[in-house]
Amino acid sequence: MKLNKKDVLGISELTADEISSVLDIASIMKKIILSGTKKTNYLRGKTVLTLFYENSTRTRVSFELAAKYLSADTININVSTSSVAKGETLIDTGKTLDSMGADIIIIRHSMSGAPHLLAKNVNSSVINAGDGMHEHPTQALLDMFTIREYYKSLKGLKVAIIGDIYHSRVARSNIMGLIKMGAKPVIFGPSTLIPTEIESMGAKLSPTIDDALYQADVVMGLRMQLERQKHALFPTKNEYAKFFGLNESNMYLAKENALWMHPGPVNRGVEMSSNVIDGRNSVINEQVTNGIAVRMALLYMLSGKESKKEVNYNNIISIPMQEVYA
Amino acid sequence: MKILIRDGIVVTNEYEKKQNIFIEDGIITKLEENYLAEADLVLNAEGSYVLPGLVDAHCHLRDPGFEYKEDIVSGTKSAAMGGFTSVACMANTNPVADNKAVIRYIIDKAQREGYVHVFPIGAMTKGLKGEELAEIGEMKQAGIVAISDDGRCVENSSVMKKVMQYAKMFDVAVICHCEDSYLVEEGVMNEGALSTQMGLRGISKASEEIMIARDIILSKQLGVPIHICHVSTAFGVEIIKNAKRNGIQVTAETCPHYFTLTEDACKGYNTMAKVNPPLRNKEDVEAIIKGLCDGTIDIIATDHAPHHMNEKNVEFDIAANGLVGFETALPLSFTALVKTGYMSMSQLVQKMSTKPAEILRIDKGRIMEGKMADITIFNPNIDYVIDVDKFVSKSKNSPFNGFPVSGKVTTTIVNGKPTQRDGSFVL
């Protein structure tokens, strides 16, 4: 099963069926990761480049491991030392990488829409690893994967997304994905960090944190970007933690078995207390593992798009499909 | 040289009727139905409108300093192509047009090599920095018709007050670019549902409206007439309407993109639709059209803002603001306002020729016996699709590529000379 598209630029461009397929394949990939062997041949001979214009450890490493587990050749382009620092445009950089034979370019960029610009100008497949305040599709996919593993289905689940929604591409991708999959995202954060007309995306804006958390099936904290403080969006970390932070004194409002999630990296004691991060319902570390599985799935589903012949992966994946769809 | 324009419908700010025009040595000597006489050139305008040459109160010719985007030659050619016979160019050149040397350069080059009349607008403040007054008197002597820091807002209200007070002595139009840059922050498109979905920083309508209100209040206090640039919001129109009702001497302009496009044009990170102020919502477009019809908005300007492809073919956040407008302004306005029945051709002539000339205090914008012949012949019956590759301008940055429109300028006469005929130019 392959995705019938060149690029994965955002959740907005994926149908519910496509999302389900990615999550299905991701569960196969997760089994491969957990099997201990970790090495498969699906991307042998393919070249995967990560082009990161923004600092990132977990996402870049996660993509790189995903590609390596699939036997792709991987190269990380360190932007500060590349010709980008010399003023090369994104399109020129993309065309150069394209000419070098990149099959898949994974891009992270501080500007919304940068992956779309790249995708339009290269033959390689492009995966968006986070663009500005726009989308972070693989994060949303791994979050949905994590939720689905526990609840089997996303339908009807109340997912509370709490924190800096304004700057958050994770929130935007999750809102779109959750709605497509039938869940009910509810958001809350300081009003200076809630983007204009957010409800147009389908999420419900809660008036209070208690209201957002009440009877939630999933609680997702968002990273507070502390460097934003100088823009007068919130007064102090202390006040933020007190009124907008997730901690044991408000998490009890969610359902007893609710999943506690965070895309990381976490500011301990700001948007989430240590008791929550390391708490009984926290699946934050599992999210990291699932991230690799989801990214493997996407890489697999995008590679070899050009070959007309449908790959019969009943033959190449040792785990029978029946088990996956059971 | 004698020119006879026959069988066209002459449209002025006052009437539309079939008249022949006879031009001798650059001057209109006869304006009369069925008038015939020996001429060196007879232009058959049957089925076309014959308009007073269009006057653009707001454009960027990019000369000196940014000749790779446009220069006075290519810019005035583009203007002539679009039916403009007079253009007023903004001061954000390099060096900035904040002194008589740059103003003289523009006027001299335009006189030597330009295809239409060029009226430079001087900067309000030195270097467009919004701090110290520019040499407005010196520039007035050198030939400016107006002052503006367009592209930037004079943020400091005290400086703006002094600009208005000082300008009053020199009889120059005061053209205000209204934008509270603190509110804009790093905004790149209209603030709303779409900017939220696209993850782009929004530019609130308030950022424009606050400065419109401020400049109107200063104008009221000082009794200095002001002209508000490129109005894009419904409430901005409302503020101006109120000011006019209260007798404050304010005039206002909008541009064709503010009554033909909404923010939806930005979808897909289309940098061609990135402009400042940004394209707004449907209700704003409706209010702009209403404001044009009821006279709140006096004129239509192009804000012709050429940019090289390299400045548009980049990430939306860092793409240049603006679009080229000379060659699309009249067809777009005709299609969106006249063909739809919102206004008469005569009203459109008022908005694009007579009134802008009045605001700039220049003797243009009329077809009358004894006046210099600046005339535009416009055939409203030609339907076509806008093709940016056919633009005469050096730059092709337009969101209107592929737009169906009606009406084409076939001839542009400047000082009694047919400068542009069906895309051929004579200097």
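Bear in mind that the values in this text are calculations on the coordinates, not laboratory data. Just so it is clear, the structure is predicted and the values come from calculations on it, not from any experiment. Every residue, glycine among them, receives a Cβ derived from its backbone with ideal geometry; neighbour counts consider all protein chains shown.
In terms of distances greater than 29 angstrom between alpha carbons, the cross-link table entries B:161/B:394; B:140/B:371; A:6/A:255 yield B:161/B:394; A:6/A:255. Just to verify a number: FRET efficiency for residue A:192 and residue B:104, C-beta to C-beta distance, R0 = 41 Å, to 0.05? So, using R0 = 41 Å, E works out to roughly 0.25. Report the residues of segment B:155-190 in range of a label on residue B:217: point 7 Å along Cα→C-beta, backbone N strictly under 19 Å from it. From segment B:155-190, the list is B:155-165, B:176-184. Where both bridge residues fall in the protein assembly as shown, DSSP classifies roughly 35% of the beta bridges as antiparallel. The C-alpha atoms of chain B define a longest principal axis, and helix B:72-81 lies at about 60 degrees to it. The ranking of B:71, B:383, A:73 by Cβ neighbour count inside 10 Å, starting from the fewest, reads B:383, A:73, B:71. Counting only Cβ charges, +1 for Lys and Arg and -1 for Asp and Glu, the dipole size of chain B around its Cα centre is about 420 debye.
Centroid-to-centroid, using Cα positions, segment A:1-57 and segment A:184-202 are 29 Å apart. Using just its DSSP H runs of length 4 or more, each adding -39500 (n - 2.57), chain B gives a mean residue ellipticity at 222 nm of -8500 deg cm²/dmol after division by all residues. Going through the cross-link list B:69/B:339; B:17/B:364; B:109/B:390, which pairs have a Cα-Cα distance over 29 Å in this structure? Over 29 Å apart, Cα to Cα: B:69/B:339. Sequence-distant contacts, meaning Cα pairs under 8 Å at least 6 residues apart, place the relative contact order of chain B at 20 percent.
When all alpha carbon pairs of chain B are counted in 20 Å bins from zero, the resulting P(r) reads 28, 60, 12, 0 %. Put in order of Cβ neighbour count within 10 Å, fewest first, the listed residues B:15, A:166, A:151 become B:15, A:151, A:166.
Segment A:241-303 and segment B:314-368 have Cα centres separated by 55 Å. With neighbour counts taken as other beta-carbon atoms within 10 Å, the residues A:273, A:206, A:168 rank, fewest first, as A:206, A:273, A:168. Taking the Cβ of residue A:141 as the centre, find all other residues whose Cβ is under 12 Å away and add up their charges (Lys, Arg: +1; Asp, Glu: -1). Value of the local net charge: -1. Each Lys or Arg adds one and each Asp or Glu subtracts one; over the other residues with Cβ under 14 Å from the Cβ of residue B:386, this totals -1. The gain in end-to-end length when the residue B:14 to residue B:309 segment is fully stretched comes to 102.0 nm, 0.36 nm per residue minus the alpha carbon separation. Taking every alpha-carbon pair under 8 Å whose residues sit at least 6 apart, chain A reaches a relative contact order of 22 percent.
Residues in segment A:291-299 carry Karplus couplings, in order, of x, 5, 4, 5, 6, 4, 4, 5, 4 Hz; the curve used is 6.51 cos²θ - 1.76 cosθ + 1.60 with θ = phi - 60°, and Gly or Pro positions show x. At an R0 of 41 angstrom, the distance between the Cβ atoms of residue B:401 and residue A:1 translates into a FRET efficiency of 0.60.
Per-residue Karplus couplings for segment B:85-92, computed as 6.51 cos²θ - 1.76 cosθ + 1.60 with θ equal to phi - 60°, are listed in order as 10, 9, 9, 10, 9, 6, 8, 7 Hz, Gly and Pro entered as x. Set the Förster distance to 25 Å, then compute FRET efficiency between residue A:200 and residue B:282 from the Cβ-Cβ distance, nearest 0.05. Computed FRET efficiency for residue A:200 and residue B:282: 0.95. With helices as the sole contributors, chain A gives -11000 deg cm²/dmol at 222 nm; each DSSP H run of n ≥ 4 counts as -39500 (n - 2.57), and the sum is divided by every residue. Other residues whose C-beta falls under 13 angstrom from the C-beta of residue A:63 contribute a net charge of +4, scoring Lys and Arg +1 and Asp and Glu -1. Would you mind checking B:100/B:162; B:355/B:408; A:46/A:152; A:31/A:237 for any pair whose Cα atoms are more than 30 angstrom apart? Violating the 30 Å Cα-Cα cut-off are A:46/A:152; A:31/A:237. Among beta bridges from DSSP that stay inside chain B, the antiparallel ones total about 55%. Note on residue B:132 and residue B:33: the extension gain reaches 30.2 nm, defined as 0.36 nm multiplied by sequence separation minus the Cα-Cα distance.
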